[in-house]
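Worksheet: the structure to be examined is printed underneath.
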Amino acid sequence: MSDNLRRYRAIREALTQCYPGEISGRMDQHLTTLAAFISGIVGSKSSQLPHIAAKIPDRAKPESRVKRISRWLGNEPIKEEVYFLPYAEILLHCLALETLVLVMDGSGVGRGCGALMLHVIYKGRALPLAWIVRQCPKGHCPEALHIELVELVRDLIPEGTQVVFLGDGEFDGTNLQETMNDAGWLYACRTAKSTVATWEDMTFHLDLLGSSIKRGMLIELKEVQFTRDAYGPVMVLCCWAKGEVDPLYLVSNMSVAEEAIKYDQKRFRIETFFSDQKSRGFNIQKSHLEDCQRLSRLLIASCLAYIWIVYLGSLCKTDGWQSIIHRKNRCDLSLFQLGLRLLEHLLNEGLSIPVQFHVTI
């Protein structure tokens with residue numbers, strides 16, 4: 001049995017066994033193509049359809065395989081709500097025993113498009129939960145899209161779970177803050193030094209705080225009315241870490257400034273996802289797709305592939321594979337790279353291939 005066939009069969013079995021609902025005949029066909037898609041992306045480390053098709057175990061001609069997955073990308077009934085969110089919900093239930101740290105950010109995908117994405121942090125990586133793809137690869141998304149994504153994921157999280165939301169200066173809108181407050185989430189978002197705030201009847205721009213501190217210092221203001229809309233009360237803080245060029249400004253509903261700063265340091269981990277999806281992994285930026293819906297469906301396959309590979313990387317840590325495929329005394333590889341190496345080892349040695357689209361704490 002070829003490596004491509006073994007990889008595909010393992011993925012196909014996991015997709016159907018892990019799906020939480022009933023699988024109809026048409027849905028079974030869609031999941032079969034999705035399994036082939038995931039297998040082809042991982043096998044080729046590419047998001048270009050000819051490269052993916054070359055790693056799909058099918059007796060059809062390569063051109064026919066390309067048409068098959070291209071039709072799947074253009075099939076309107078293929079929606080994230082059906083073919084990705086059920087797996088994301090299982091993932092969140094597995095991680096909800098601890099505080100869920102969510103990070104929102106955007107990145108260019110395909111030709112002329114950008115994806116606004118919400119992730120959950122897991123052991124130094126950011127695992128995708130939901131996204132919105134739109135025309136316009138650069139620039140900020142409307143706040144309404146931020147809220148739409150938060151409300152989509154909010155419905156997937158088990159009741160009573162503690163959630164912390166992180167974002168850069170794009171995500172400091174007061175309507176988004178109110179949405180997170182209504183959900184019972186904590187948040188710490190970066191904000192601009194030009195933001196207006198009112199504290200103890202004094203209105204000022206936040207750069208006034210930045211001009212008042214030196215490196216290694218922290219200014220914390222509570223009961224602040226944020227922006228000219230006077231949203232609040234919130235906590236605003238300004239800190240200037242050693243080694244940083246400029247001060248950092250945060251707005252938060254947390255009660256302790258140090259806690260907000262500690263969580264903000266996890267925000268950059270979303271960049272690991274984008275680099276793994278691009279130059280260090282599946283090269284999604286080279287897909288040549290320019291239609292938002294087709295790109296969104298491509299993300300279904302590439303994000304499930306990513307979660308699976310990170311799961312394999314976590315097995316390296318828990319099941320002792322690291323000393324076999326890498327080093328015994330230390331590890332210089334991310335969970336994603338460890339997962340790719342473990343998969344290659346399992347294929348080379350003819351061993352069974354574990355597939356899951358969730359991880360454990």
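Go through the stretch 49-67 residue by residue and tally those that are surrounded by fewer than 19 Cβ atoms within 10 Å (Cβ to Cβ) and either touching a residue at least 24 places away in the same chain (Cβ under 8 Å) or in a helix (DSSP H, G or I) (or both). Of the residues in that region, 8 qualify.
For the stretch 23-48, filtering for residues that are of a type in the set (Gly, Ala, Ser) and part of a loop (DSSP other than H, G, I, E, B) leaves 3.
Look through the stretch 325-344, keep the residues that are more than 24 Å from LEU5 (Cβ to Cβ) and more than 24 Å from the chain's Cα centre (by Cα), and return whichever of them is least open to solvent (accessible area, probe 1.4 Å). Only one residue fits best here, namely HIS326.
Just wondering, is there one or more residues in the stretch 222-239 that are aromatic (Phe, Trp, Tyr), modelled with pLDDT under 95 and surrounded by fewer than 20 Cβ atoms within 10 Å (Cβ to Cβ)? The answer is no, given that none of the residues of the stretch 222-239 is aromatic (Phe, Trp, Tyr), modelled with pLDDT under 95 and surrounded by fewer than 20 Cβ atoms within 10 Å (Cβ to Cβ). For the stretch 176-186, the candidate set comprises residues that are assigned to a helix (DSSP H, G or I) and among the hydrophobic types (A, V, I, L, M, F, W, C); within that set, the residue that is farthest from LEU100 (Cα to Cα) is LEU176. MET117 fulfils the conditions (1) over 20 Å from LEU186 (Cα atoms); (2) aliphatic (A, V, I, L, M); (3) modelled with pLDDT of 90 or more except for a single criterion, (1). Note on the stretch 12-22: residues that are surrounded by 13 or more Cβ atoms within 10 Å (Cβ to Cβ) and in a loop (DSSP other than H, G, I, E, B) total 1.
Tell me yes or no: at least one residue of the stretch 242-251 is modelled with pLDDT of 95 or more and surrounded by fewer than 17 Cβ atoms within 10 Å (Cβ to Cβ). Checked the stretch 242-251: no residue is modelled with pLDDT of 95 or more and surrounded by fewer than 17 Cβ atoms within 10 Å (Cβ to Cβ). Per the listing LEU186, LEU100, LEU127, LEU149, the residue uniquely touching a His at 6+ places or on another chain (Cβ under 9 Å) and within 26 Å of VAL310 (Cβ to Cβ) is LEU127.
Of all residues in the stretch 154-175, exactly one satisfies the criterion of being part of a helix (DSSP H, G or I), more than 16 Å from GLY106 (Cα to Cα) and either open to solvent by less than 30 Å² (accessible area, probe 1.4 Å) or at pLDDT below 95 (or both), namely THR174. Under 26 Å from SER314 (Cα atoms), out of contact with any strand residue (DSSP E or B) (no Cβ under 6 Å at 6 or more places or on another chain), open to solvent by less than 10 Å² (accessible area, probe 1.4 Å) and at pLDDT 95 or above: is that true of LEU100 in this structure? No. Scan the stretch 88-97 for residues that are over 13 Å from TYR122 (Cα atoms) and either free of Cβ contacts under 8 Å to residues at least 60 places away in the same chain or buried (at least 21 other Cβ atoms within 10 Å of the Cβ) (or both) and the total you get is 1.
Pairs meeting the criteria (first residue in the stretch 320-332 and among the polar types (S, T, N, Q), second residue at pLDDT below 80, beta carbons under 8 Å, at least 6 apart or on different chains) are GLN322/LYS328; GLN322/CYS331.
Is it true that some residue in the stretch 127-143 is under 25 Å from LEU31 (Cβ atoms), assigned to a loop (DSSP other than H, G, I, E, B) and open to solvent by 10 Å² or more (accessible area, probe 1.4 Å)? No - not one qualifying residue is present in the stretch 127-143.
Residues in the stretch 252-267 that are open to solvent by 80 Å² or more (accessible area, probe 1.4 Å) and touching a helix residue (DSSP H, G or I) at 6+ places or on another chain (Cβ under 7 Å): how many? So the count comes out to 0. Every test in (1) open to solvent by less than 70 Å² (accessible area, probe 1.4 Å); (2) in a loop (DSSP other than H, G, I, E, B); (3) not aliphatic (A, V, I, L, M) is passed by CYS303 save one, and that test is (2). Taken over the stretch 345-361, the residue count meeting the criterion of being assigned to a loop (DSSP other than H, G, I, E, B) and either surrounded by 18 or more Cβ atoms within 10 Å (Cβ to Cβ) or hydrophobic (A, V, I, L, M, F, W, C) (or both) is 8. The single condition among (1) farther than 18 Å from ASP246 by Cβ; (2) open to solvent by less than 60 Å² (accessible area, probe 1.4 Å) that ASN181 does not satisfy is (2). For the structure I just gave you, tell me whether ARG111 is more than 27 Å from SER314 (Cα to Cα), in a strand (DSSP E or B) and either open to solvent by 10 Å² or more (accessible area, probe 1.4 Å) or touching an Asp or Glu at 6+ places or on another chain (Cβ under 6 Å) (or both). Spelling it out, it is not the case that ARG111 is more than 27 Å from SER314 (Cα to Cα), in a strand (DSSP E or B) and either open to solvent by 10 Å² or more (accessible area, probe 1.4 Å) or touching an Asp or Glu at 6+ places or on another chain (Cβ under 6 Å) (or both). Number of residues in the stretch 27-48 that are small (Gly, Ala, Ser), free of Cβ contacts under 8 Å to residues at least 60 places away in the same chain and open to solvent by less than 20 Å² (accessible area, probe 1.4 Å): the value is 4.
The values are calculated or read from the model by the stated rules, or taken from the named source; none is laboratory data. Keep in mind it's a predicted model, so treat the numbers as computed, not measured. Backbone-built Cβ (ideal geometry, glycine too); neighbour counts: all protein chains shown. Heads up: the accessible areas ignore ligands, DNA and RNA and are worked out on the full protein's heavy atoms, side chains in. Shrake-Rupley method; radii C 1.70, N 1.55, O 1.52, S 1.80 Å.
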